[in-house]
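**Student:** Take a look at the following structure, please.
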Amino acid sequence: MRPLPFAGRSGRPAIIAPLQPRSIDELAALLPGLEAAAGADALEWRLDALAALRLGGAAGGPEHRAVEQRAPQVHTVEAPTSEPHEPRAGDEEASRSAALEAASAGLALLRERCGLPVMLTVRTHSEGGMAQLDDAAYALLVEGLVALGPDAVDIEFRRADAARLLARAREAGVGGVASFHDFARTPPAERLVELCAAMEGAGADVAKFAVMPRSRSDVLAVLAALDRARTRVGVPVIGISMSELGRATRLIGGDFGSAATFAALVGASAPGQLSAAQVGAVLDILGETEPPAAPPTN
Ligand SMILES: O=C1C[C@@](O)(C(=O)O)C[C@@H](O)[C@@H]1O
């Protein structure tokens, strides 16, 4: 496995670009865009967008609405608006094997055509994603993904089996990225630091949180948490304040210790995401060590 190129404590944060194809054909259609677009250091494949997994495997399931369309898009960010349907008995296993088959074929395609490290993520409904899975179904699916040997796998930290799944990833040599999302609010900075320390304690290789601000103080709380985590958390931390209000954290989070930032190459996966080109340009500026040339004097 290649480690994801997360920045060390003072380095340039990695740019991770999400992909949300609904099928392997859609993934294949995205490849020319990925080849042409420079600027991402790693990809995140959001498998919950696959038709097989959307809200419990309901192909053509409930209505979705676009949340945001800021970055150059092929797909829009979508969030469920209605209650998911009850999966039929037998659906779950069929959805899982379809998703694992797609993930296996897609990983091979991405390795052959793109070459960037890939993190596999199944974002579930309770954390703002499109898959509706109980703890047992989530664990079975993530175990299957780990067995495919991606570079990293996202593991929702609130899941009952999170520590066991992190251990499984570690045994398999797959990076375990523990994640926490709150689309309603921002916990206090201290709570976010404790959360990242708990993720580290549970065996995470990377601790990640993305939370929704209600005020500018909430955005500052994310930066404060990142800053405190520098000395209190021993693994790379990624912290994001979502939405337009929080989007500065996607640009300057690295200065406060964030090891990576998510930015769109072919479509955003969360509110507030900017394009990889925009984020790369800002990181170039922030990374400049030479002072700007003095203005000409007459
Ligand atoms: O955890 C994250 C961060 C994220 O939610 C963001 O806000 O950029 C985007 C998700 O795709 C990813 O899994």
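**Student:** Look at ALA225 and say whether it is surrounded by fewer than 21 Cβ atoms within 10 Å (Cβ to Cβ), in contact with a strand residue (DSSP E or B) (Cβ under 9 Å, 6 or more places away or on another chain) and part of a helix (DSSP H, G or I). Please lay out each step first, then the result.
**Tutor:** Details: surrounded by fewer than 21 Cβ atoms within 10 Å (Cβ to Cβ): no; in contact with a strand residue (DSSP E or B) (Cβ under 9 Å, 6 or more places away or on another chain): yes; part of a helix (DSSP H, G or I): yes.
Answer is no for this residue.
**Student:** Which members of the range 225-270 meet the condition of being within 14 Å of the ligand (Cβ to nearest atom) and β-branched (Val, Ile, Thr)?
**Tutor:** Selection gives VAL237, ILE238, ILE240, THR249, THR261, VAL266.
**Student:** Next question. Assuming ALA198 fulfils every condition listed in (1) in a helix (DSSP H, G or I); (2) touching a helix residue (DSSP H, G or I) at 6+ places or on another chain (Cβ under 6 Å) apart from one, which condition is it?
**Tutor:** That leaves (2) as the condition not met.
**Student:** Another question about this same structure. Being outside any helix (DSSP H, G or I) and closer than 26 Å to LEU34 by Cα narrows it down to one of ILE285, ILE240, so name that one.
**Tutor:** Numbers: ILE285 fails: outside any helix (DSSP H, G or I).
Only one candidate passes the filter, namely ILE240.
**Student:** Let me ask you something else. Give me a count of the residues in the range 255-281 that are more than 19 Å from HIS181 (Cβ to Cβ) and surrounded by fewer than 24 Cβ atoms within 10 Å (Cβ to Cβ). Walk me through it before giving the result.
**Tutor:** Taking the range 255-281 as the starting set, the residues that turn out to be more than 19 Å from HIS181 (Cβ to Cβ) are 255-257, 265-266, 275-281.
Filter again for surrounded by fewer than 24 Cβ atoms within 10 Å (Cβ to Cβ), leaving 255-256, 275, 277-278, 280-281.
Qualifying residue count for the region: 7.
**Student:** Of ALA294, ALA268, which residue is in contact (Cβ under 8 Å) with a residue 40 or more places away in the chain and out of contact with any helix residue (DSSP H, G or I) (no Cβ under 6 Å at 6 or more places or on another chain)? Show your work before the answer.
**Tutor:** Numbers: ALA294 fails: in contact (Cβ under 8 Å) with a residue 40 or more places away in the chain.
Just a single option satisfies the conditions, and that option is ALA268.
Read the figures in this text as sums done on the coordinates, not as results from a lab. All figures in this text were calculated on a predicted structure; none of them were measured in a lab. Neighbour counts run over all protein chains shown; Cβ positions are idealised from the backbone, glycine included.
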